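Presented below is the structure to which this report refers.
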Amino acid sequence: MTRPANAAPSVVSPVRRKPRLGSWERALAALLLMQLLFFSLVVPGFFDGVSGLLNMTTNFLPFGLVALGLVPVILTGGIDLSVGSIAGFSAVFMAILWKHFGLSLGAAVPLALLAGALLGSLNGLLITRTRTEPLIITLATSFVFTSITTAMAGADPPSGFPDRFNALGTGALWGVSYQLILFVVLAVVFGLLIARTRFGRSVIMVGYNRDATRYSGINVNATVLGVYVISGLMAALSGVVLAAYYSAVRGDMGDILLLTALTMVVLGGINIFGGEGSVLGAVLAVLILGFLRQGLLIAGFSDMVTTMAIGAILLIAITAKNLLGTPNTFVAQLQARFSRPSPPPPEKVME
Amino acid sequence: MLPIPGSPRVPAASGHQWRTLLESRELILIAATVVVILLAGLINHDFLSGSNLRFMLLNSVVLALVALGQTLVIIAKGIDLSVAPVLGLAAIVSGLLATRQGLPLWSAVLLVLALGAVLGLINGALVSSINIPPIIVTLGTYSLYSGLIFLYSNGDQVNSVPDSYAHFGNGALASWFPLPIPILVLLVIMLAVWLLLGHLPFGRNILAIGNNPAAAHHAGVPVKATLTSAYVITGTLAALAGLIYVCYTGSATATTGTGDHFELQSIATVLIGGTAVAGGRGSVFGTVLGSTFLSVVVTSLVFLHVPAIWYSAGEGLMILLAVTSSSLRRQDTRRAA
C-alpha cells in the first residue's frame, strides 16, 4: 500500500518533469460540459432550465461534502474509511439529542458536528500514536462506530424533523438550494485552505515527502491529526444534511457515502498516495459523477447500471490519465521521483 | 500507506526472525480461540456440543477462502476490494443456473472458477499493466461487478438449491467420515496457498514484491506476471467462496457479498491473522485461524446473548488490538536496536 512501483518496462519513455498544471481540471471541465450538453439534448426531461439543473444537485451533494472532507486526508497520503459510519453516527446522535433530550436542533446540530470532529480526532490520534496505516485504523474504528450508532438508533430511530430544519436538505433561497450554497461556500473555503494557507501547504508536503516535511520543522503529527478532524467534521455535516433531506435518520444511512465519495476524489485527480491534486478537480468530479447518475436515472436506467457506469468512468479516466499524462513506466517513475524539484518554495514554509 | 516517519524502512528481517514472529501470532490465535471456546462452554454447555463446533468451523469457511486470496494480494502490497461483488456474482450466477437450468454441480464449479479467474484477471491487468493503484482499480471494478450482479439477476434471487449443491455445502464426505466437504475444500486450498507462498518461486516473488517492488524488479522478478496471477488467484478463491456460500446457505440475493461487506471483513481477517498491510510478510495459517477465531467469537456472543449489533465493534477492537500490539512490538525492537 505504499507507492506503486509494479510495472516492469522494456522501453524507457522520456520523463516529463511535471504534469502540466491544471490539465486534468481542464479535461474534467470539458467532460462536465459535454456531459451536460449530451444529457440535455438526448434525455428528455433532463434540462428543465438552469434552476432545475441546480436543484438536481441536492440529490448528490451530501456525497460531495464527504468528498471535500476526504481531499485533505488523501492529499497527506492517508485514507478515511470511517466517513460513512461517522455520518451515520452524527445524524443519529443529533436526532437523539433532539427527540429524547429535548434539545433544539439549533443546539443539536453543532453538537453533532462536534461529535464528528471528535471521532475524526480519535482516528487521527490512533494513526499518529500507534504509527499504523490509516486504512487499518479507520477500518477498525468504522466497525466500532457502526455498532455504537446501531445501538443508539435502536429499532425506531427518530424522524419527522421540523420543516425549518428539513429546508437544509430540500429548501432553496432565491431558487438556489441551501445544499448548493453550503457546498459552494465550503468548496471555496477548502480551495483556499489547501492552496493558500500554511496548513494546506503542510498537508501537501506531508503527502509528497513525509520525512523531508518533518526535517523542515513542520509538525507532521499535528497536520495528520488535523486532516482527520476535518474529514470527521465534513462526514458529520453530510450526515446532518442527509437527515434533513430524508427528514429521518437510520443507523446505516452513511454506508452509501464512502465508495462514491472516494471515487469522486480519485476521479478529481488527487493522487491516492498523496502530495498531488486540487480541490477544484474534486469539485468537478463531484458534479460529473452526480449529474451522470441523475442523467442516467432520468433516462430510465436502473440504479445499478448507473453504479456500473460510475465504476467504468473511474477506470477509463484513470487509465487515460496514466497512459497520456504522467510517466507510467517503472524506470521513468523512479527517475521522476528523484528529479522532481521540491514543490513548495521553502522560504514561505519556513517563514 | 504511511512510511514510518523519521526512520528508514527496516530492511526485511532475516527469514528466521519473522518466521518466529508469525508463529507467535498463530499460537496467540489458537490460544485465544481455545480460551474463548472454554469460557463460553463453561457458561453455556451447549456451546461445546459437536454440532455447534461443526457449525462454527463451517461458518468460517467462506470468509477464510476470501481472506486467503486477500492475503496474497496484501502481501504483494496490494488490496482487493472487489472480492465482495465477485463472491456475490458467483453465488447468484451458479444458484440461478442450478435452479433454472439444472446445471450439474461439476460444471458449476468449473464455471465459477473461470468466472473468478476472468474477473481477477481484469483487476490484475489494470493494476500491473496500466499501473493504477490497486485500491482505485478494485474500487472501480467493485462498482462494475456489482452492476453485473444486478444485470444478470434482474432482481431475482435464489431461495433454494438442488440437493447435490446442498450436499456440497453442508454434507459430509462419506457416511463413515463426517468431515464436511467445505472444510475439506478449505484445507486443500490452504495447503495449496501455503505451498505456493512458502515453497515455490511464485511465493518468493510475491514476498519480494511486497518488500520492495523496485528491488524485486531489478533482481529479475517478473513483477507484472506475478502481480496479475495474485489477483487472478484472489478472484478465483472469492468466486469459489461464493459457490460454497450459495450451497451452504441455500440462498443468494443481489446484495450477497457486498451487503455483508466481505471486502472489509476479509481485510480484517487478514490483519487479525498477522499479515502486514504494508506488504512483504504474511501468514496463510494465521489468516485461516483468524477467520476461525472470528467465527468462534461471533458464535459465543450469540450464546452469551450479546446483541448482534455489538459484533462489528468487537471485530474493530480486535483489529486495533492486533495491529497496535504488533506496531508497539516493532517500536520496541527498534529502540533496542
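We did not get these values from a lab; they are worked out from the coordinates using the rules stated. Note that the structure is a prediction, hence the values are computed from the model and not measured. Note that we place each Cβ from the backbone using ideal geometry, even for glycine, and neighbour counts take in every protein chain shown.
Here are the numbers for the structure shown:
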| quantity | calculated |
| --- | --- |
| Spatially proximal aspartates and glutamates relative to B:Lys224 (Cα-Cα < 20 Å; intrachain offsets below 8 disregarded) | B:Asp80 |
| Helix axis angle, A:83-100 relative to chain A longest principal axis, alpha carbon, degrees | 20 degrees |
| Cα gyration tensor category, rounded, prolate or oblate, for the range B:167-285 with a/c compared to 1.5 | prolate |
| A:Phe199-B:Ser24 pseudo-label distance in nm [points 7 Å out on the Cα-to-Cβ vector] | 4.0 nm |
| Unit charges at the beta carbon, dipole of the protein assembly as shown: most positive-side option, A:Leu173, A:Thr307, A:Thr141 | A:Thr141 |
| The range A:78-121: translational diffusion in µm²/s, Stokes-Einstein, Kirkwood Rh over Cα pairs, 25 °C, 0.890 mPa s | 231 µm²/s |
| Euclidean distance of C-alpha centroids, the range B:122-141 and the range B:238-271, integer Å | 21 Å |
| Karplus 3J(HN,Hα) series, Hz, for the range A:267-278 with 6.51 cos²θ - 1.76 cosθ + 1.60 (x for Gly, Pro) | 4, x, x, 8, 5, 5, 9, x, x, 9, x, 9 |
| Chain A: Cα Rg divided by the 2.2 N^0.38 Å rule of thumb | 1.02 |
| Options B:Trp176, B:Ser82, B:Val298, ranked by Cα towards positive dipole end of the protein assembly as shown, top entry (Cβ charges) | B:Ser82 |
| Folded to 0 to 90 degrees: helix A:61-75 orientation relative to chain A principal axis, Cα | 30 degrees |
| Nearest-ten-degree value, helix A:198-208 long axis tilted from longest Cα axis of chain A | 60 degrees |
| Average beta-carbon neighbours from other chains, 10 Å sphere, peptide B:263-274 | 2 |
| Residues B:His305, B:His167, B:His261, sorted so that the one with the fewest Cβ neighbours within 10 Å comes first | B:His305, B:His167, B:His261 |
| Kyte-Doolittle mean at least 0.0, axial Cα span of 30 Å or more - DSSP H helices of chain B | B:15-43, B:50-75, B:105-129, B:223-249 |
| Residues of type aspartates and glutamates that A:Lys321 reaches as a straight line, Cα spacing below 20 Å, ignoring anything fewer than 8 places off in the same chain | A:Glu25, A:Glu276 |
| Estimated 222 nm signal from helices in chain A, with DSSP H stretches of n ≥ 4 weighted -39500 (n - 2.57), rounded to 500 | -22500 deg cm²/dmol |
| Point-charge dipole on Cβ atoms (K/R +1, D/E -1) for the protein assembly as shown, about Cα centre, debye to 20 | 2200 debye |
| Whole-number percent relative contact order across chain A, with pairs defined as alpha carbons under 8 Å at least 6 apart | 34 percent |
| Sequence of A:Thr141, B:Thr258 once ranked by neighbouring C-beta atoms within 10 Å, starting from the fewest | B:Thr258, A:Thr141 |
| Kirkwood hydrodynamic radius of the protein assembly as shown, from inverse mean 1/r over distinct Cα pairs, in Å | 26.0 Å |
| Sorted by Cβ neighbour density within 10 Å, fewest at the top, the residues A:Val42, A:Val283, A:Val83, B:Val306 | A:Val42, B:Val306, A:Val283, A:Val83 |
| Projected label distance in nm at A:Phe38 and B:Val35, using a 7 Å step from Cα toward the beta-carbon | 5.8 nm |
| Binned Cα-Cα distance frequencies in chain B - 20 Å width, integer % | 31, 58, 11, 0 |
| Only Lys, Arg (+1) and Asp, Glu (-1) charged, at Cβ; chain A dipole about Cα centre in debye | 1160 debye |
| Highest average packing first - B:74-84, A:104-114, Cβ atoms within 10 Å | B:74-84, A:104-114 |
